[in-house]
Amino acid sequence: QVQLVESGGGSVQAGGSLRLSCTASGRPFSSYAMSWFRQAPGKEREFVAVIRLNGITEYADFVRGRSTISRDNAKNTAYLQMSSLKAEDTAVYYCAVGAVASTDVHHYSYWGQGTQVTVSS
């Protein structure tokens, strides 16, 4: 079992920045790919970013160039630095870990509880 706890969400104005954190416990964090997804009201959960065990990253088109995913295995923590935030970035952001890096929500077994990001225009 892996337990994930997100933090860092909040309310910001358009153009602002936020850094989300996801801290894991239960199993060696370094054994997993780490991803961020988001879910807006009335919409399906969608892929945001993933960082593989070797540090290679991948981003959804809508955040590429505005966000950076990173991980600190010594702290069992992953981060999502978001900048130039837009109103359409408003959503609950979830972290997830999996044995294989994937953009598919169904490939992840462990999820955090989510952290709300609200961007006002």
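The values are calculated or read from the model by the stated rules, or taken from the named source; none is laboratory data. Since the structure is predicted, the reported quantities are computational estimates derived from the model, not experimental observations. Please note: Cβ atoms are built from the backbone with ideal geometry, for glycine as well, and neighbour counts cover all protein chains shown. Heads up: the accessible areas ignore ligands, DNA and RNA and are worked out on the full protein's heavy atoms, side chains in. Shrake-Rupley method; radii C 1.70, N 1.55, O 1.52, S 1.80 Å.
See the values below:
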| read-out | value |
| --- | --- |
| Positions within region 19-32 being within 18 Å of residue 51 (Cβ to Cβ) and either buried (at least 21 other Cβ atoms within 10 Å of the Cβ) or of a type in the set (S, T, N, Q) (or both), in sequence order | 20, 21, 22, 23, 24, 29, 30, 31, 32 |
| Considering residues of region 80-95 that are farther than 26 Å from residue 31 by Cβ and not hydrophobic (A, V, I, L, M, F, W, C) only, the residue surrounded by the fewest Cβ atoms within 10 Å (Cβ to Cβ) | 88 |
| Hits in region 70-81 (condition: out of contact with any helix residue (DSSP H, G or I) (no Cβ under 7 Å at 6 or more places or on another chain) and of a type outside the set (D, E, K, R)) | 70, 74, 77, 78, 79, 80, 81 |
| Condition met for residue 77 (free of Cβ contacts under 8 Å to residues at least 24 places away in the same chain and open to solvent by less than 60 Å² (accessible area, probe 1.4 Å)) | no |
| Top-ranked residue of region 36-49 - restricted to ones that are more than 12 Å from residue 114 (Cα to Cα) and charged (D, E, K, R), ranked as most open to solvent (accessible area, probe 1.4 Å) | 44 |
| Output for region 6-33, where each listed residue is modelled with pLDDT of 95 or more and either in contact with a His (Cβ under 6 Å, 6 or more places away or on another chain) or of a type in the set (A, V, I, L, M) (or both) | 12, 14, 18, 20 |
| Of residues in region 1-29 being under 12 Å from the mean Cα position of the chain (by Cα) and outside any strand (DSSP E or B), the one farthest from residue 88 (Cα to Cα) | 8 |
| Residue match in region 50-65 (condition: surrounded by 14 or more Cβ atoms within 10 Å (Cβ to Cβ), within 13 Å of residue 117 (Cα to Cα), of a type in the set (A, V, I, L, M, F, W, C) and within 10 Å of the chain's Cα centre (by Cα)) | no |
| Considering residues of region 88-121 that are among the β-branched types (Val, Ile, Thr) and not in a strand (DSSP E or B) only, the residue farthest from the chain's Cα centre (by Cα) | 100 |
| Pair list, Cβ < 7 Å and 6+ apart or interchain, from region 8-22 residues that are among the polar types (S, T, N, Q) to residues that are part of a loop (DSSP other than H, G, I, E, B) | 17/83; 17/85; 21/8 |
